[in-house]
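Asks: What follows is a single structure, and I will ask about it in a moment.
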Amino acid sequence: ISPVSDLHEEGKNAINAPLLPSATEIHPEDTLLEENAERIMLDPTSRENPKFKDLVKVLIDWINSELEEERIIVKDLEEDCYDGQVLQKLFEKLSGRKLNVAEVTQSEIGQKQKLQTVLEAVNNTLRPHGWTLEWSVDSIHSKNLVAIVYLLVALAMHFQAPIRLPEHVTVQVVVVKKREGILQTAVVAKELTSTTDRMMLGRFAERDAFDTLLDHAPDKLNVVKTSLITFVNKHLNKLNLEVTELESQFADGVYLILLMGLLEDYFVPLYNFFLTPESFEQKVHNVAFAFELMQDGGLKKPKARPEDVVNLNLKSTLRVLYNLFTNYKNSD
């Protein structure tokens, strides 16, 4: 039996007998566990979960697009991320910081030292923003796929990666512990992604007025919506355009771009955006371009991500429009 199929068998048995002393054949590595130590591995059925596979593919494609200039190609997260090399390059690209680590390290000690440096930099960046750190040097180096995915999801969300992560991805992990010399197994559910909106709160630890409004005062929401619709139509009417629904009519970015041109009194050349966007990517391009126009006009960078507006996320759309309203409500 290969070690891989052995591990898979162990995972299956763990599901059938949670928290009971394991009577199954144990993987040799487990017998080396020290008292109260534990080993965590992804349950084989979760590995085949379509949503989990989709999440892994999105992350791999994202890393490869970010590291294209480095000529780094990731094919397998476990095999390509465990030694710290890819994680180092990815963090440097995202953060614009150069880390002081050895370029190539073959030895296990060297790899762990590099990982330690990279993860310290990552953790110092993410921790102040409320992220729970679900990874460690040992879990990444031991090719724990769940820990690697947790880390990559946090980086993607924090640095506003231009990707759409599948929502509500939960996997089962098998936990093997040694207690009083006896190996015990349990199966635990781990939520890798929730809703985009909840994950965004990991990045913006503080809650704003729109969280309060939607959670506690939905009756006032229509008042805010009406005010915003009146504001945008006052300007869009000049182009014989009219908005009746905030959630959907700004989702492709076209009205946002035209609105910025009207508010700042300039014509936006049609070659700069897609007037009739068809794909998700074209819509994201439009909204991101509108965000650039807002920043050019002196506004702060919107808290929302372009992807959230395209995905009809009401809270994100309200945040963007309210930002325009407070800055331009007195303009003709």
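Asks: Got at least one residue in region 239-257 being open to solvent by less than 20 Å² (accessible area, probe 1.4 Å) and free of Cβ contacts under 8 Å to residues at least 24 places away in the same chain? Quick ask: steps written out before the conclusion?
Replies: First, the residues of region 239-257 that are open to solvent by less than 20 Å² (accessible area, probe 1.4 Å): 243, 246, 250-251, 253-254, 256-257.
Still in the running and free of Cβ contacts under 8 Å to residues at least 24 places away in the same chain: 243.
Yes, that holds for at least one residue.
Asks: Looking at region 281-313, which of its residues are in a helix (DSSP H, G or I), open to solvent by 30 Å² or more (accessible area, probe 1.4 Å) and over 20 Å from residue 161 (Cβ atoms)?
Replies: 296
Asks: Can you spot a residue in region 314-328 that is out of contact with any strand residue (DSSP E or B) (no Cβ under 7 Å at 6 or more places or on another chain), open to solvent by less than 40 Å² (accessible area, probe 1.4 Å) and farther than 14 Å from residue 228 by Cα?
Replies: For region 314-328, residues out of contact with any strand residue (DSSP E or B) (no Cβ under 7 Å at 6 or more places or on another chain), open to solvent by less than 40 Å² (accessible area, probe 1.4 Å) and farther than 14 Å from residue 228 by Cα: absent.
Asks: Which of the helices (runs of 4 or more DSSP H) contained wholly in region 67-143 include at least 3 residues that are under 22 Å from residue 57 (Cα atoms)?
Replies: Here the list reads 77-81, 85-95, 137-141.
Asks: Give me a count of the residues in region 106-159 that are among the polar types (S, T, N, Q) and under 15 Å from residue 79 (Cα atoms).
Replies: Step one: filter region 106-159 for residues among the polar types (S, T, N, Q), giving 106-107, 111, 113, 116-117, 123-125, 132, 136, 139, 142, 144.
Applying the additional criterion that residues be under 15 Å from residue 79 (Cα atoms) yields 106, 111, 139, 142, 144.
Residues meeting the conditions: 5.
Asks: Quick check: is even one residue across region 64-72 open to solvent by 50 Å² or more (accessible area, probe 1.4 Å), closer than 18 Å to residue 163 by Cβ and in contact with a helix residue (DSSP H, G or I) (Cβ under 6 Å, 6 or more places away or on another chain)?
Replies: no
Asks: May I ask you to verify whether residue 255 is more than 27 Å from residue 221 (Cβ to Cβ), of a type outside the set (D, E, K, R), at pLDDT 90 or above and part of a helix (DSSP H, G or I)? Write out each step before concluding.
Replies: Values: more than 27 Å from residue 221 (Cβ to Cβ): no; of a type outside the set (D, E, K, R): yes; at pLDDT 90 or above: yes; part of a helix (DSSP H, G or I): yes.
Taking the combined requirement at face value, the residue does not satisfy it.
The values are calculated or read from the model by the stated rules, or taken from the named source; none is laboratory data. Computed from a predicted model, the values in this text were never measured in an experiment. Positions of Cβ are backbone-derived with ideal geometry, glycine not excepted, and every protein chain shown enters the neighbour counts. What goes into the accessible areas is simple: the full protein's heavy atoms, side chains included, and nothing from ligands, DNA or RNA. Shrake-Rupley method; radii C 1.70, N 1.55, O 1.52, S 1.80 Å.
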